[in-house]
1. Go ahead and run the numbers for FRET between Gln17 and Asn62, Cβ-Cβ distance against an R0 of 25 Å, rounding to 0.05.
2. At a 1.4 Å probe, what is the % contribution of carbon and sulfur to the accessible area of the range 28-101?
3. Provide the FRET efficiency to the nearest 0.05 for the Lys99-Phe75 pair, computing r from the beta carbons and using R0 = 25 Å.
4. With every protein chain present, what is the per residue accessible area of the range 13-118 (1.4 Å probe, Å²)?
5. Please give the length that would be gained between Leu41 and Lys92 if that part of the chain were fully extended, namely 0.36 nm times their separation in residues minus their C-alpha to C-alpha distance (nm, one decimal).
6. Ignoring everything but the protein chains, give the 1.4 Å probe accessible area of Asp106 in square angstrom, nearest 10.
7. Ranked from the most accessible area to the least, with a 1.4 Å probe and all protein chains present, what is the order of Asp115, Asp102?
8. For Rg and Dmax of the Cα atoms in Å, the choices are [x] 14.3, 48; [y] 13.8, 43; [z] 19.5, 64; which was calculated from the structure?
Amino acid sequence: NLRFGQFMSLNPTLSYQSNKNLSAGTTSNVYNFYLDSEITLIPKYFTVTFSTSYMNNKNADNNSNNWTVGTNLNFFMAEIFKDKIRPSLSIKSMFQGAKVGDVKTDTAVFHLQADIAF
């Protein structure tokens, strides 16, 4: 986890996995990348979060990859209510894609989320 002052944080993850099927004599290599970050626009009130992930699976039968990108604009209202209740609103977006062999799919999702904590 990397923090740059009070206003930005980055959390990268990178992994590699190799699986060998001894009975079939095949090998599968999986590569994963994930990045989560947050930028504070106005402390205690507004943040922007960003996340992305990528996975690639290479094997003898079929190659596949998946990716996701998400962005949220968050408005926290605890200060307005003197921290007695902690409501928040988030505008969220997510884009996903996948490819297995020659078949490709893409998806986009947008929504508004409201939360309240006591």
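The values are calculated or read from the model by the stated rules, or taken from the named source; none is laboratory data. For clarity, every value in this text was computed on a predicted model and none was experimentally measured. Quick reminder, even Gly has a Cβ in these numbers, built from the backbone with ideal geometry, and neighbours come from all protein chains shown. Side chains included, ligands, DNA and RNA excluded: accessible areas come from the protein's heavy atoms. Shrake-Rupley method; radii C 1.70, N 1.55, O 1.52, S 1.80 Å.
1. Approximately 0.90, to the nearest 0.05.
2. Working: 2670 of 4380 Å².
Summing carbon and sulfur atoms, their accessible area is 61 percent of the total for the range 28-101.
3. 0.10
4. On the way: 7330 Å² over 106 residues.
In whole numbers, the range 13-118 has 69 Å² accessible per residue.
5. Details: separation 51, 0.36 × 51 = 18.36 nm, distance 1.63 nm.
Between Leu41 and Lys92, full extension yields an extra 16.7 nm.
6. Here the accessible area works out near 100 Å².
7. Asp102, Asp115
8. The listed entry that was calculated here is [z].
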